[in-house]
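Notes for the one structure printed next.
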Amino acid sequence: MLSLDRQNELREAYRRANPGWRPATEVFANWVRSNLRPESRILDLGCGRGGLVEQLDHSLDQVAGLDPDFLSLREHRLAGAQPPMTRVNGASLRLPFAAGSFDLVFASWVLEHLAEPAIDLCQIGRVLRPGGVFIFITPNKGHPLIGFNRLVGRIGGLQDRLVERLYGRASADTYPAYYRANDPAAIGRLANDGGMELVELKAIPDPTYLALQPALFRLASLLEQRLPAGKAIHLVGLARRI
């Protein structure tokens with residue numbers, strides 16, 4: 001099994017070999033922080049049991065988290081915080097918030113799971129105030145590993161078994177992936193249709209996901225170096241409400 005600790009060790013090794021590289025999760029977190037203001041109202045879209053919201057120095061009475069999994073909301077690590085963080089059971093297909101409710105919406109590993117992203121992006125644009133931003137991190141559909149993941153996803157049960165074996169994550173915590181908002185052209189078009197402008201999009205390499213052995217890590221590192229820049233495995237983006 002490839003643990004998160006082991007992945008992080010390999011990322012540090014890759015960083016040392018590639019000065020200036022930063023993992024996509026770090027870029028994502030820095031973009032969120034740099035767009036926060038003391039008065040910002042935030043929506044953590046697909047908040048799960050926690051994550052980046054736990055690391056932000058921001059008053060929780062200005063933060064809402066939304067997730068379709070009720071159990072995750074009950075088990076959220078900020079459930080007992082004071083002031084309380086608003087947690088809402090729902091999905092981005094129909095966001096239960098008034099128009100212009102938020103200055104910043106962020107989503108970590110959500111776009112790949114959207115079956116009808118045109119509707120979701122319109123909803124995100126609706127709840128942002130003019131000038132507000134949507135920041136996201138998601139897999140890049142153009143990367144070979146994502147192509148393989150899409151292939152095995154068509155074989156009943158195989159994807160769930162691979163995720164459980166490789167990463168120790170139960171299939172109940174694994175949502176279907178559609179990859180319908182996971183390439184630069186699609187994201188730009190969907191953002192525009194949702195009343196937003198895609199201001200910045202970065203494709204960021206990361207060779208650690210199948211690095212179960214040193215040889216696989218070296219092979220994955222070589223693959224990342226040979227791929228065109230726009231095909232790197234992770235996309236981090238920022239769209240602004242027009």
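The values are calculated or read from the model by the stated rules, or taken from the named source; none is laboratory data. What you see is a predicted model; the values in this text were computed from it and never measured. Cβ placement follows ideal geometry from the backbone for every residue including glycine, while neighbour counts extend to all protein chains displayed. With ligands, DNA and RNA removed, areas are computed over all heavy atoms of the protein, side chains included. Shrake-Rupley method; radii C 1.70, N 1.55, O 1.52, S 1.80 Å.
Quick notes on this structure:
- Extreme residue, modelled with the lowest pLDDT, among residues of region 1-28 that are within 12 Å of residue 209 (Cβ to Cβ) and in a loop (DSSP other than H, G, I, E, B): 2
- In the condition set (1) open to solvent by 30 Å² or more (accessible area, probe 1.4 Å); (2) over 21 Å from residue 200 (Cβ atoms), residue 66 is compliant with all but (1).
- Residue match in region 178-188 (condition: touching a Gly at 6+ places or on another chain (Cβ under 8 Å), at pLDDT 90 or above, open to solvent by less than 60 Å² (accessible area, probe 1.4 Å) and charged (D, E, K, R)): yes
- Within region 97-108, considering residues that are assigned to a loop (DSSP other than H, G, I, E, B) and touching a helix residue (DSSP H, G or I) at 6+ places or on another chain (Cβ under 6 Å), the one surrounded by the fewest Cβ atoms within 10 Å (Cβ to Cβ): 99
- Of all residues in region 73-86, one or more are of a type in the set (Val, Ile, Thr), over 16 Å from residue 108 (Cβ atoms), at pLDDT 95 or above and open to solvent by 60 Å² or more (accessible area, probe 1.4 Å).
- Of all residues making up region 190-227, the number that are among the basic types (Lys, Arg) and either touching a residue at least 12 places away in the same chain (Cβ under 8 Å) or buried (at least 16 other Cβ atoms within 10 Å of the Cβ) (or both): 1
- Set 4, 93, 45: member being in contact with a Leu (Cβ under 9 Å, 6 or more places away or on another chain) and either surrounded by 18 or more Cβ atoms within 10 Å (Cβ to Cβ) or closer than 20 Å to residue 217 by Cα (or both): 45
- Residue in region 109-117 that is out of contact with any strand residue (DSSP E or B) (no Cβ under 7 Å at 6 or more places or on another chain), assigned to a loop (DSSP other than H, G, I, E, B) and under 20 Å from residue 59 (Cα atoms) present: no
- Within region 122-141, considering residues that are of a type outside the set (Lys, Arg) and open to solvent by 10 Å² or more (accessible area, probe 1.4 Å), the one farthest from residue 63 (Cα to Cα): 139
- For the criterion of being touching a helix residue (DSSP H, G or I) at 6+ places or on another chain (Cβ under 9 Å), of a type outside the set (Phe, Trp, Tyr) and surrounded by fewer than 18 Cβ atoms within 10 Å (Cβ to Cβ), residue 54 fails.
Yes/no per residue for (1) among the basic types (Lys, Arg); (2) in a helix (DSSP H, G or I); (3) touching a Phe, Trp or Tyr at 6+ places or on another chain (Cβ under 7 Å); (4) at pLDDT below 95:
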residue	(1), (2), (3), (4)
134	no, no, no, no
138	no, no, yes, no
141	yes, no, yes, no
156	no, no, no, yes
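- Filtering region 109-121 to residues that are acidic (Asp, Glu) and either surrounded by 24 or more Cβ atoms within 10 Å (Cβ to Cβ) or touching a Lys or Arg at 6+ places or on another chain (Cβ under 6 Å) (or both) leaves only 120.
- Checked across region 16-33, the condition of being of a type in the set (A, V, I, L, M) and open to solvent by 70 Å² or more (accessible area, probe 1.4 Å) holds for at least one residue.
- Selection status of residue 41, of a type in the set (D, E, K, R), at pLDDT 95 or above, touching an Asp or Glu at 6+ places or on another chain (Cβ under 6 Å) and over 20 Å from residue 194 (Cβ atoms): no
- Subset of region 36-56 (residues that are over 20 Å from the mean Cα position of the chain (by Cα) and without any contact (Cβ under 8 Å) to a residue 60 or more places away in the chain): 38
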